[in-house]
Amino acid sequence: MATMDDVARRANVSRMTVSRVINNSGYVKEETRQRINEAIEELKFKPNMFAKGLVTRKSRSIAYVMVNISNPYHNMVSKGFEAEAFEHGYTTMMCDAHTESRVTDYIKMLQERCIDGVLLHHLAITENQVRELEGAGIHCVMMDNETELEDVSSVNTDNEQGGRLAAEHLLSKGHTRIACIHGALYPMKREALTYEETFQFNIWKKRTNGFRSVMREAGLPDHYLYPGRGFGDAALTNLAIEQIFAEKERPTALYCENDFRAMTAIGVLQERGIRIPEDMAVVGHDGLEFCRIVHPHLTTIAQPRYQLGKTAAETLVQCIEQKKQKVNLVLPPWLQEGETT
């Protein structure tokens, strides 16, 4: 393989001049630059990006740190993130921070690898940890984290608006008694909780607030609220359905604050002989792909997950290359109507 010294000899310049051209730093005459580029092409020279990163503290790589890489919600986010990064010549690293200690380990590892930027998604990351990354020159974008920092760039969807859309859609279908199975709004006192179940309260609070706001504005009861846990905890979903059936005035529609919970609820209802949507309408939230595979197709509040990842990567690249100011972007969700309402 050709080396930088080989290029320097072929172009009859110093090694430092070759370095300036490769790193696009310092002044080099246009004629000399052209001669060096021709030598690079003739020798098929490939710069050692790892060595370059050690010198410049830049790796042209960005990371996507999430909790639970197996969660289907992340697949389209990561796809958009990678596609946008690739367009700008950046490689990506996917990091599954599924425990508190793993988050700490990744913060250290990202600094050691000279990562240029990082998307922090669905984490209980602390302000001090974010400041540590930024202090090491790593640009940060946050998405759906428990801690929100106004002076750190963020890309999110409007979760409160999503809850409103769900309630408005069910009202438009003529329902006036609408139940809501939501995620944990406060810390739970249960053993054997996964890392992600020890936080994630803000998302559920926002979706619940949006739902309740519409019900109150319509002068309708907003107290049909039942707590869930995790993606779609079957035991708690069963309990919620039992409570719904025990109501003196049984709800005729159900808003579940994620698609897993909605599909679990549909299964429980069908086991009880309840027809969907004739006896009970159901709306989910997130717009995951499997909602369009099984029948009945779930009506859900879809999130622009691909665009979220793409926008996050674009924001990171702009921060890295153009030193742009921090931005806080909120993308709108939309109703994806299926067969359950």
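The values are calculated or read from the model by the stated rules, or taken from the named source; none is laboratory data. As the structure is a computational prediction, the values presented were derived from the model and not from experiment. Neighbour counts run over all protein chains shown; Cβ positions are idealised from the backbone, glycine included. Calculation scope for accessible area: heavy atoms of the full protein, side chains included, ligands and nucleic acids excluded. Shrake-Rupley method; radii C 1.70, N 1.55, O 1.52, S 1.80 Å.
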Quick check on my link table: of K44/K326; K29/K108; K108/K326; K46/K324, which ones sit more than 32 Å apart, alpha carbon to alpha carbon? K44/K326; K29/K108
Within the stretch 145-170, which residues have the backbone N less than 15 Å from the label spot 7 Å out from E134 along Cα→beta-carbon, could you tell me? 147-155
For the chain, build the charge dipole from Cβ charges (+1 Lys, Arg; -1 Asp, Glu) around the Cα centre, then report which of T299, G135, P221 sits farthest towards its positive end. G135
How much of D286 can a 1.4 Å solvent probe reach, expressed as accessible area in Å² and rounded to 10? 20 Å²
Over the chain, what is the mean sequence separation of C-alpha contacts under 8 Å (at least six apart), divided by residue count, expressed as relative contact order in percent? 19 percent
Which of these, E247, E160, E134, has the largest mean-square fluctuation under a Gaussian network model of the chain (Cα springs below 10 Å)? E247
What do you reckon, how do M93, M280 stack up by accessible area (1.4 Å probe), largest on top? M93, M280
With springs only between Cα atoms under 10 Å, which of P277, P221, P47 fluctuates most in a Gaussian network model of the chain? P47
Keeping every protein chain present and rolling a 1.4 Å probe, give me the accessible area per residue for the chain in Å². 49 Å²
Gained length - T194 relative to F245, 0.36 nm times residue gap less alpha-carbon distance: 15.4 nm
Solvent-accessible area of T91 with every protein chain in place, 1.4 Å probe, in Å² to the nearest 10: 90 Å²
Quick one: with all protein chains in place, what share of the accessible area of the stretch 94-178 is carbon or sulfur, to the nearest percent (1.4 Å probe)? 42 percent
Tell me the mean residue ellipticity at 222 nm calculated for the chain from its helices only (DSSP H runs of n ≥ 4, each -39500 (n - 2.57), averaged over every residue, nearest 500). -14000 deg cm²/dmol
With r defined as the distance between the Cβ atoms of Q270 and T176 and R0 fixed at 35 Å, what FRET efficiency is calculated, to the nearest 0.05? 0.90
Can you grab the distance from the C-alpha centre of the stretch 85-139 to the C-alpha centre of the stretch 298-336, Å, no decimals? 18 Å
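In debye, nearest 20: dipole of the stretch 215-311 around its Cα centre with unit charges on the Cβ of K, R (+) and D, E (-)?
220 debye
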Rounded to the nearest 20 debye, what is the charge dipole size of the chain about its Cα centre when +1 sits on each Lys and Arg Cβ and -1 on each Asp and Glu Cβ? 840 debye
Classify the stretch 170-312: rounded, prolate or oblate, from the alpha-carbon gyration tensor (a ≥ b ≥ c, eigenvalue square roots; a/c under 1.5 rounded; otherwise prolate if a/b is larger than b/c)? rounded
Using Cα pairs closer than 8 Å and at least 6 residues apart in sequence, work out the relative contact order for the stretch 130-210, in percent. 35 percent
Among F81, F45, F245, the residue with the largest mean-square fluctuation in a Gaussian network model of the chain built from Cα contacts under 10 Å is F45
